[in-house]
1. For the range A:403-412, name all the residues that are surrounded by 14 or more Cβ atoms within 10 Å (Cβ to Cβ) and out of contact with any Lys or Arg (no Cβ under 8 Å at 6 or more places or on another chain).
2. Does the range B:208-234 hold any residues that are out of contact with any strand residue (DSSP E or B) (no Cβ under 9 Å at 6 or more places or on another chain) and within 14 Å of another protein chain (Cβ to nearest Cβ), and which are they?
3. Scan the range B:297-319 for residues that are polar (S, T, N, Q) and more than 13 Å from B:Y372 (Cα to Cα) and jot them down.
4. Tell me which residues, restricted to the range A:129-146, are assigned to a loop (DSSP other than H, G, I, E, B) and among the charged types (D, E, K, R).
5. For A:T365, which of the numbered conditions (1) out of contact with any strand residue (DSSP E or B) (no Cβ under 9 Å at 6 or more places or on another chain); (2) β-branched (V, I, T); (3) more than 30 Å from A:T331 (Cβ to Cβ) fails to hold?
6. Quick check on the range B:333-345. Is at least one of its residues of a type in the set (K, R) and away from chain A (no Cβ under 12 Å)?
7. Looking at B:V218, B:V293, can you tell me which residue is touching a Cys at 6+ places or on another chain (Cβ under 8 Å) and at pLDDT 95 or above?
8. Find the strands (runs of 3 or more DSSP E) located wholly in the range A:80-128 whose residues include 3 or more that are of a type outside the set (D, E, K, R) and under 30 Å from B:S316 (Cα atoms), and list them.
Amino acid sequence: MKIAERQAFEVINNYEMVIGLEVHVELKTASKIFCSCSTAFGAEPNTQVCPVCMGLPGTLPVLNEKVVELAAKVGLATNCRIANFSKNDRKNYFYPDLPKAYQISQFDRPLCEGGYLNIETESGKKSIGITRIHIEEDAGKLIHDPEKGTMIDYNRCGVPLIEIVSEPDIRSAEEAKAYLQKLRIVILYTGASDCKMNEGSLRCDVNLSVRKIGETKLGVRTEMKNLNSFQFIGKAIEYEYKRQVEAIERGEKIIQETRRFDANSGKTYSMRTKENMSDYRYFPEPDLLPIELSDIWIEELIKTIPMLPDERKKMYAEKYYLSAYDGEVLTSDMAMADYFESAASKTKNPKLVANMLQSEIMAMTETDGFICNISPSHMAALADMAGSETINSATVKKLIKRMWESDFDPVEAVEKEGLAQVNDEAVILSWVNEAIELNPKSVADYKKGKKTAAKAIIGKAMAVSAGKANPILVQKLVESELDKI
Amino acid sequence: MINRSIYEHSIALGKKEYSSVELTKAYLCEIEKKEEEIGSYITVTADMALEAAKKYDEGDFTSKGASPLAGIPCAIKDNICTKGIRTTCASKILEDFVPPYDAHVVEKLNNAGAVILGKVNMDEFAMGSTSGSSAFKVTKNPLDVTRVPGGSSGGSASAVAANEAVYSLGSETGGSIRQPASFCGIVGMKPTYGSVSRYGLVAYASSLDQIGPVTKTVADNALVLNAIVGHDKRDSTSVCREYVDFTTGIKSGVKGLKIGIPKEFFAESINEDVKSAVFLAAEEYRKMGAELVQITLPSLDWALSAYYIITCSEASSNLARFDGIRFGYRAEEYSSMDELYKNSRSEGFGWEVKKRIMLGTMALSSECYDAYYKKALQVRSLVIKDFKSAFNQCDVIIAPVAPTVAYKIGEEKDPIQTYMGDVYTVPVNMAGIPALSLPCGIGEGGMPVGMQLMGPAFSEPLLYRVGYAYENRGKAGI
């Protein structure tokens, strides 16, 4: 994006955008939050239901412990305070996808409060506050069929959710995306959710208002719901910011309302105007006991959280001298980060391991998540041999391909198959001379002044050496021999 | 054969004096004879009852460890879910609702070998004190069919009083077991909140509802309570506890016990006949060796108002699920989603239910929440405190159940007057403590007067002991 364009986008007439995000994440428990039905995605409609999640008369909820555990883990990973005492409340409203006509959620005593996430954008580093995280149950799904009408699938009813509410600290679409990406990766590290926006396990609502830069009062905000990709979130923010600024400049008042983003037109449209805030008549859920967590329970839970991306990136830079970029790529998948750390601890050349992972291994992984068929110790051994120039880069590439098919000890293979790099200049000289003899045309071109013709000689010398020659020495000797001619 | 206690039937069945099938048939016969006049039952399950009776006769329930309830016919209030048997809550909105599962207490009774004769009438969704708000029928008091049996468990009481069942299960939120028991001259127990699982009880006010036994005698009541208490992991409010047999020490008498007389319960609203009957009962206790102690429960003044706010609020939420979408009554005519909801609920619910839903919705609204619901919860804590300090001065509290005996059907009272009838029963539900209601004399029109014995949480064995002493006073062995 051109600088001028970006400035025009971010700031019109000194108005800044003030954004808060409400993110709903489905927790990866085997059973629902208040009953033992399965939470598996993609089942036939109304096959994962029971009297409890269908809200039949006389049924009662029973809280799934694992939900509290996973939710608290996310809270800990986002620097929140975990409440020793929290409770559930009923949020009452009528809608066909809500069988009890109330959603069991948390109102005034949520499970987690007062956290933050550090993000980095082109404008620099920033901390985005997290107001609270609470647990609640999901509703069913309405399916609109042109012939049959509207039908309801209750499979999703009762799937456990956490709602993560950020402070209105976000000031651009870029920051919003960075926050969401950070949130997603941190949650993936805790194992609390698989965060798949396309499957609905991560949903984001955007609250946006505008105000003059320097103003401290918040403007009237609108809410945009059901934006199902990071890209759409960015586009919706850009459009809505512009719309609000232009409206205010025309002297209009912003109406507090919910707006729908249309992906085709890139615009937002008003959904409901009259009710800006429904009265949900919240009251404490009488069928459930309060959630009381001891400090010891919380401490034990902290121990189960793996080292998070930011800390790992710092460690890689300090311990292994990796670049920020390397750190970013390696920590983008925890399995890969774990693998890297395991291999790096066994080698003198962690940087080479990082390179091999990024160039060779990532290309070969066909699945969604990182896998590596080569054991970390074998990878480490490979890095050591490359680092000590025992083998050259071409050999490394060949070995990786073979080890991917079927893992083996590269040290043994190099010894057995004689794959070690030849560094003996006398031997290399003989190959170089052979290559020169076989390529009179290239030699002639080189003498005429075409320096790039040396490449053909180098290539030939490498071929004659069956790839074993030290390529740096080959180049040196080729150039010196050619100059002698 | 009929008109015997559970205890007596149990012995007779054991001795094979008669079979369970014969016994069941006898009660089905009574039902047939009396139903037109009394109207206790909404659904009679004759075939299923005979099948269960047959199973008892063919099985070995007489072996050691068998429940004394085995083979004995009972009735279940129609707000307790029974698998495969219509459960209506006496409401048009659930007229054809057949639950796919049994309530926890029903499972327990079935496992004990009980014979279920059918589902009995009640006030719609347990809201009322006469059973007159039932959408299907008006139940009469068997002792005087021009009078109400009480409510909301009116059918549970009338069935037992009329020998249409040996015992029944009722439910209470603000006196709905104790009051009909007292109006019909029989015994009813509201157990400690959390001791009987609410799984399968169609919720009215979740923080108060409890299921309890309605029986002819105190000992019978203890036998039934034995069978239905216990932790249920499907009910998060059910308590984890080892319960003693509730008949333990039931004959130990009342010597040395302190019985509290709460002065607020004998003040303005009570009728003279009720007052003197209960005072006479207290005097009997004194003769038997108990000490009578004057105590005070000042929060009685506000408990009733707080009760109605809490129950209407919780009910407005609990009854919101009746929307005609997945089950129950759906209006035939509607042209939008909103109308589907409005029409189904307006047509399906009765007047009293609609009134309470509206009151509760208002009490929970954001403008009113603090002044009403929150305040009511705070008043509730005062009621709990009152009882705690009262039980520091006495072991058991004696009080009337209702200000009057059973009144005439159709005697129109203004709504506040009707609600005032609950004034003596609701404090118990608010505090979650147990209370036993049993007959203690005769009042106006020859109708029974009921007294209630209240005790601290989980003091049911003590209540049964004190109740038994009065019931069997003058007999040997007390």
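The values are calculated or read from the model by the stated rules, or taken from the named source; none is laboratory data. All figures in this text were calculated on a predicted structure; none of them were measured in a lab. Note: ideal-geometry Cβ built from the backbone for every residue, glycine included; neighbour counts use all protein chains shown. Each accessible area value is taken on the protein alone, full model and side chains, heavy atoms only, with ligands, DNA and RNA left out. Shrake-Rupley method; radii C 1.70, N 1.55, O 1.52, S 1.80 Å.
1. Just the residues of the range A:403-412 that are surrounded by 14 or more Cβ atoms within 10 Å (Cβ to Cβ), to begin with: A:403-404, A:407-411.
Listed by number, the residues that qualify are A:M403, A:W404, A:D407, A:D409, A:P410, A:V411.
2. Scanning the range B:208-234 gives B:H231, B:K233, B:R234.
3. Taking the range B:297-319 first, the residues polar (S, T, N, Q) are B:299, B:305, B:311, B:313, B:316-318.
Residues satisfying the conditions are B:S299, B:S316, B:S317, B:N318.
4. If the condition is that a residue be assigned to a loop (DSSP other than H, G, I, E, B) and among the charged types (D, E, K, R), then A:D138 is the only one that fits.
5. (3)
6. no
7. B:V293
8. Answer list for the range A:80-128: A:102-105.
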